[in-house]
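S.K.: Here's a structure for you.
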Amino acid sequence: MVEFEKIIVMEVEYPEGNPCPAVSTPLPLQTGSPTVNDDIAAPGIPGEVTVNGMGAPAGEQSDEAAPHTSSLEHDIEASSIKLCGYLSKLGGRLKNWKSRWFTYEEGNCQLFYYRTSQDVNPLGQIELHNATFGYPLQADGGTFHIQTPERTYILKAVNHQAMMYWLQQLQLKRWQNRDRPVSPVTESTQTCAGGQTQCADNEEDFLPVVKTPTGVVGEEAACLPAPQRCNLSNVSFKHPLTEIQNSVHSLRLNRLSQELTRSNSLCKEQQETSASETSTKRSQDTPASTLPEVAILLADSRRKAQSLSPNLRCRKKKSTSSATMPADWRQIGTDRISRLQHEVFSLTEEVKSQKELVWLLHKALEAAQQEKRTCTQFLSAEGEQERLELLRHRERHVADLGSQLEALRGHKEALQHSLAQKDAHITELQEHVVLMMERNHAKQEVILKLSEQVGAQPAPVDAEMRRQQQEEVENLKDDIEAYKIQNKFLNSEIYQLTQLWRNSSEQGKSLMVKCAYLEAKNCQVESRYLGVLRKLQENKGLDSTQQEAVKRLIVDALQGDVTDSLKLNPVKEYDEYGFKVIADYEVEDMKLLAKIQALEIRSNNLLQQEAADRPLLGRWAQYMSGRPPGELAASPELKALLRAGMPREYRRQVWRWLVQVRTLSLRERYPQRYQELCDKSQASQHPAYRQIQLDLHRTLTSNQHFSSPSNPAVQQLHRILLAFSWQNPTIGYCQGLNRLAAIALLVLQSEEDAFWCLVAVVETIMPQDYYSKNLIASQVDQRVLKDFMVEKMPRLMAHFEEHNIDVSLITFNWFLVVFVECLASDILLRVWDAFLYEGTKVIFRYALALFKYKEEDILKIRDNVEIYQYLRFFTKTISDSRKLTNIAFNEMNPFPMKQLRARRALHLERLQAELSELQRIQEEFVAESAERKEKDLDEDEDA
């Protein structure tokens, strides 16, 4: 249930519905301004001090008239309590509670507040003319609000009773001030005295009158010490001058109190001495022998207090007159002395707090002096330019503050408008609530009347009808039991059917797996059978009949297809990225090899579907869950996942993040770089434009996205290559860049992302000068590859050396295009997944793994021409990506990057030395040729 903050606003009409003012007499002790008046009337209690609004009404009653007051006058006097007391006020920048002395000013209808009851100057005032009062139910006990047009004051009384007393008295004061006649004292007194009956009649419409809290409000509260709070938090830093004036006045009061205490103690001693000497005359009214001495002491104290305020002189006058009073009045003076001593103690504590205030003001003064010294240094500066710059800076700062102020004012007006709309909406809702409550009340009355009518006219109950109803109830009970039994049976039936369905589903899955396994085995057997036929075809020892039979078997195998009744994973012609799954071979003899490759691919797909693909997809889904796009982090887990392979669902996202990481600095410096380069390509033609145009039609010819010049991918690739030629003028364009950009475009599906991928590969991943005109870094990698092959595969390298095979003729293109159009598409993309993350080391690993994969087959070939022919296409016959990956990242270990860098540096130095030597030889040859030509010309001229 939603609890609303209930605000009680006690503002009603008078005389029909106003709360009857408490029988009180306004006490205009501080008219004009909230300062100590020159003449403050003495209180009813002897020796009472009245400051900032404390005290009884002006005028004194004689002792003889006191016993003859009527009961009504006694009530009026009891209720004529000055509205003043200690309250806690919420304020300051820290929004903490501060204890303040509040007193009501009759003449101006203002509520002044001071730090203590002894202060002279107020810290502020609250206008009550147009103020409203209320208190929230959910706040701390005693908290109430005074809302004026300017602001809202949050105050807190000691308890709930004191809060209600303050609210009722403030409401009455506001009403008296609103309709105040010329003589407010007489009118208010007569209104309450004469209209007591009317107030009593309307008493049920309002809250009951709260009794005056004892010791919390009025002059009695001023005699008590202020609520104990932290002295520093209770000081008002907003009014330092007022605090200083009040502190000075408090110190003067403390000195006066000490002098009065000493004089009263001397008086008491003299009285006790005279009382002991005249013990026989104790029954007399006044001890005449002590009067001269007391008069002398009091005259002395009067001379000391002549320079004090009129209020204090009035107090001294009361103390002097107490010497001539009877013994019971003397006892009252003694009590007052003890109260003054208590006040002296509280004022001593106040002095300590004032000292702390003086210390704080001293610190503020030091800060002001420091600022003054800074200003002096500024004025004494030699350069006028520095002063002008400082002044301009301050003017700009002031202008900024002014604009901020205007913005805040506009925001304030908007908030006020919104608040007004919400208030109007609340009013409408309140009216609607009232209307609904009235309707509800009317409905309840109707229901009560109908209930009474039904109760008054009971319908006769027929025995036959009662019997029929009982029979119906019994029948319904039987039906319920039957339905319960039926429900239990149906639940058991559903459970059994679910179990049967699950069992059949599991059996179907197991049968499908078994069928896939058998089909894979069948493909393997058929592939081996075709391999045997191929070997028989190459065998030269068969006679013509046998060769003819082998040819017929090969023709039958090529014409037939896997026509099984169930094909679990048929091989598609193109994969998801548009690559042709089974390559076309131009040579007729290679069709048998293509058939073997197709069977191996189907076998691998069937075996890996359940064993590897689904678990890998689950691992990637778990890793990518909860990670926003573009916020991946390099980690060993990500490295292992990339080596194992990446599902197509996540490849685009991961590649984009890898490219962004490698090109972050460039993209931050040139956020619109690709568009600028495209505009530049349209404005002017690059020197490599013709070469790019020629290579477009040679790019990924087996891919359906680049098979036709009209395909959109071809035009996108054209723009990417032209933009890169302007991005890197040193390279411009090199054959092979078209294939790199094409792979990036197929995966990322964005021109700009593919352009930045090409930049990342050429400028950050590959070594410098890899695609330069002399391709020096590419040549260095070929020499490094040969070193690794000698270490990892010595038998194969010895076989190559025996038949004079230079592997760089085959592998140079692998490194230049990162195996594009050299491997099957699924293996190629797996290589690129690891390559974009780890760098060029992956190229060496897979190059060695390819030779290791077919090492035994290569060793069986003894002719160098056949070896070269086999090396040209053997990479496309590899279909087992898991086996190839295992060889690359497990069997080729250890493969430290430090060793790779060292060998690159060594071969780069040697190659540069060779190139320098070759250039020197070329220069010498050119010089010798020029000299020979000159000699020949001279000989011809002589002849």
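S.K.: Just checking, does the stretch 514-531 include any residue being basic (K, R) and farther than 30 Å from D556 by Cα? First the steps, then the outcome.
M.R.: Of the residues in the stretch 514-531, the ones basic (K, R) are 514, 521, 528.
Keeping just the survivors that are farther than 30 Å from D556 by Cα gives none.
Taking every residue of the stretch 514-531 in turn, none turns out to be basic (K, R) and farther than 30 Å from D556 by Cα.
S.K.: List the number of the failed condition for R862; all other conditions in (1) among the charged types (D, E, K, R); (2) in a loop (DSSP other than H, G, I, E, B); (3) crowded, with 16+ Cβ neighbours inside 10 Å hold.
M.R.: (3)
S.K.: For S825, state whether it is within 27 Å of K580 (Cα to Cα) and crowded, with 19+ Cβ neighbours inside 10 Å.
M.R.: Yes.
S.K.: Is one or more of the residues making up the stretch 186-200 open to solvent by 20 Å² or more (accessible area, probe 1.4 Å) and at pLDDT 50 or above?
M.R.: Among the residues of the stretch 186-200, not one is open to solvent by 20 Å² or more (accessible area, probe 1.4 Å) and at pLDDT 50 or above, which makes the answer no.
S.K.: Pick from V820, V842: which is crowded, with 20+ Cβ neighbours inside 10 Å and not in a helix (DSSP H, G or I)? Before the answer, list the steps.
M.R.: Numbers: V842 fails: not in a helix (DSSP H, G or I).
Exactly one of V820, V842 is crowded, with 20+ Cβ neighbours inside 10 Å and not in a helix (DSSP H, G or I), namely V820.
S.K.: Report, by residue number, each residue of the stretch 134-154 that is of a type outside the set (G, A, S) and open to solvent by 20 Å² or more (accessible area, probe 1.4 Å).
M.R.: The initial filter retains those residues of the stretch 134-154 that are of a type outside the set (G, A, S), namely 135-138, 140, 143-154.
Within the stretch 134-154, Y135, L137, Q138, D140, H145, Q147, P149, E150, R151, T152, Y153, I154 qualify.
S.K.: Now for a different question. Looking only at the stretch 889-914, filter to residues that are closer than 17 Å to R643 by Cβ and in contact with a Lys or Arg (Cβ under 7 Å, 6 or more places away or on another chain); which one of those is most open to solvent (accessible area, probe 1.4 Å)?
M.R.: E891
S.K.: Give me a count of the residues in the stretch 766-809 that are within 24 Å of L737 (Cα to Cα), among the aliphatic types (A, V, I, L, M) and assigned to a loop (DSSP other than H, G, I, E, B).
M.R.: Summing the residues that are within 24 Å of L737 (Cα to Cα), among the aliphatic types (A, V, I, L, M) and assigned to a loop (DSSP other than H, G, I, E, B) in the stretch 766-809 gives 3.
S.K.: When N159 is evaluated against the numbered criteria (1) open to solvent by 10 Å² or more (accessible area, probe 1.4 Å); (2) within 25 Å of E343 (Cα to Cα); (3) modelled with pLDDT of 90 or more, which criterion, by number, is the only one it fails?
M.R.: (3)
S.K.: Name the pairs whose Cβ atoms lie under 7 Å apart, with the first residue in the stretch 727-747 and free of Cβ contacts under 8 Å to residues at least 40 places away in the same chain, the second open to solvent by 30 Å² or more (accessible area, probe 1.4 Å) and not in a loop (DSSP other than H, G, I, E, B), and 6 or more positions between them or separate chains?
M.R.: N728/E763; L745/Q716
S.K.: A further question on this structure: Could you please let me know if S778 is open to solvent by 10 Å² or more (accessible area, probe 1.4 Å) and of a type in the set (S, T, Y)?
M.R.: no
S.K.: Next question. Name the residue that is nearest to the chain's Cα centre (by Cα), counting only residues in the stretch 645-685 that are within 18 Å of V759 (Cα to Cα) and in a loop (DSSP other than H, G, I, E, B).
M.R.: The qualifying residue nearest to the chain's Cα centre (by Cα) is P671.
S.K.: Among the residues of the stretch 117-133, count how many are open to solvent by less than 20 Å² (accessible area, probe 1.4 Å) and modelled with pLDDT under 85.
M.R.: The number of residues fulfilling the criteria is 2.
S.K.: When only residues in the stretch 686-709 that are in a loop (DSSP other than H, G, I, E, B) and among the β-branched types (V, I, T) count, which is least open to solvent (accessible area, probe 1.4 Å)?
M.R.: The residue in question is T699.
S.K.: Could you list all residues from the stretch 776-799 that are more than 18 Å from Q899 (Cα to Cα) and without any contact (Cβ under 8 Å) to a residue 40 or more places away in the chain?
M.R.: Residues of the stretch 776-799 that are more than 18 Å from Q899 (Cα to Cα), as a first pass: 776, 794-799.
Those that are more than 18 Å from Q899 (Cα to Cα) and without any contact (Cβ under 8 Å) to a residue 40 or more places away in the chain: P794, M797, A798.
S.K.: Then there's this: Being closer than 30 Å to C375 by Cα, out of contact with any strand residue (DSSP E or B) (no Cβ under 9 Å at 6 or more places or on another chain) and not polar (S, T, N, Q) is true for just one of E406, E413, E438. Which residue is that?
M.R.: Only one candidate passes the filter, namely E406.
S.K.: Could you tell me which of the residues L638, L616, L599, L606 is at pLDDT 90 or above and open to solvent by less than 70 Å² (accessible area, probe 1.4 Å)?
M.R.: Answer to the check: L638.
Here is a yes/no grid of residues against (1) more than 30 Å from I858 (Cβ to Cβ); (2) in a helix (DSSP H, G or I):
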residue	(1), (2)
S879	no, no
L884	no, yes
P894	no, no
R904	no, yes
Q912	yes, yes
L915	yes, yes
R920	yes, yes
E924	yes, yes
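S.K.: Further, regarding this structure: Among the listed residues R373, R387, R396, R467, which satisfies the condition of being of a type in the set (K, R), farther than 30 Å from E150 by Cβ, open to solvent by less than 80 Å² (accessible area, probe 1.4 Å) and modelled with pLDDT under 90?
M.R.: The match here is R387.
S.K.: Working carefully through the options R903, R910, R932, find the one that is touching a helix residue (DSSP H, G or I) at 6+ places or on another chain (Cβ under 6 Å) and over 28 Å from S527 (Cα atoms).
M.R.: When all the criteria are applied, what remains is R903.
S.K.: What pairs can you find where one residue is in the stretch 876-901 and closer than 15 Å to I843 by Cβ, the other is surrounded by 15 or more Cβ atoms within 10 Å (Cβ to Cβ) and modelled with pLDDT under 90, and their Cβ atoms are less than 8 Å apart, with a gap of 6+ or different chains?
M.R.: L884/I878; T885/A644; T885/G645
The values are calculated or read from the model by the stated rules, or taken from the named source; none is laboratory data. All figures in this text were calculated on a predicted structure; none of them were measured in a lab. Don't worry about glycine lacking a Cβ; one is built from the backbone with ideal geometry, like all the others, and counts go over all protein chains shown. These area figures cover heavy atoms from the full protein model, side chains too; ligands, DNA and RNA do not enter into them. Shrake-Rupley method; radii C 1.70, N 1.55, O 1.52, S 1.80 Å.
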